[in-house]
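The values are calculated or read from the model by the stated rules, or taken from the named source; none is laboratory data. Note that the structure is a prediction, hence the values are computed from the model and not measured. Don't worry about glycine lacking a Cβ; one is built from the backbone with ideal geometry, like all the others, and counts go over all protein chains shown. The protein model used for the area step is the full one, side chains on, heavy atoms only, and it has no ligands, DNA or RNA in it. Shrake-Rupley method; radii C 1.70, N 1.55, O 1.52, S 1.80 Å.
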Amino acid sequence: MAKKTIQRFLPDHNKVKEHKYLRIFGRLLHDANLWHLNRRSARGAFAVGLFFAFIPVPFQMVLAAALAIPFRVNLPISVATVWITNPLTMPPIFYCSYIVGTIALAQPRQHFQFEPSWQWFIDSLTTIGPAFLVGSFICATAAAIIGYFGTDMLWKRSVRKAWIHRHKK
């Protein structure tokens with residue numbers, strides 16, 4: 001059941017191979033393991049995608065693809081999972097990351113007001129930057145671990161449920 005549900009949402013692998021930002025990987029994208037969907041590839045892909053979803057860098061999809069290739073996990077899931085952080089979810093997720101960082105570094109929270117300017121960005125690197133980056137890394141690692149084991153648990157549960165259902169028939 002889990003495999004069929006996930007496959008419904010996955011894009012065609014030929015379209016993904018032709019994506020303008022993923023073409024840089026060239027022949028590496030022809031590895032069949034990157035497109036195969038099983039429990040191992042799904043749980044690893046969710047972990048990779050969730051990790052990069054919480055890292056505040058541009059080109060998260062490319063970074064997720066770059067890590068999916070050597071780990072040989074499902075590439076479309078890795079790339080798609082980074083979209084958990086999108087323009088609507090980024091502010092609350094990154095604010096929570098900042099709070100986690102202040103707790104981890106034992107720093108008081110600083111009042112700040114976002115301004116879409118390069119000067120604000122440079123100034124914030126020294127004020128809220130360290131707490132934000134540490135919190136982002138902690139949240140990314142936690143999300144990856146939860147995604148890995150959560151996907152594994154849901155996959156096993158789905159297989160067990162399907163097996164029981166088949167034997168009842």
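Observations on the structure shown:
- Where helices (runs of 4 or more DSSP H) fall entirely within segment 65-136, those with at least 1 residues that are open to solvent by 50 Å² or more (accessible area, probe 1.4 Å) and within 25 Å of R43 (Cα to Cα) are at 75-81, 90-104.
- Selection from segment 43-64 of residues that are more than 22 Å from C96 (Cβ to Cβ) and open to solvent by 50 Å² or more (accessible area, probe 1.4 Å): F59
- Taking the criterion of being under 27 Å from the mean Cα position of the chain (by Cα) and in contact (Cβ under 8 Å) with a residue 24 or more places away in the chain, the residues of segment 104-120 that qualify are A104, L105.
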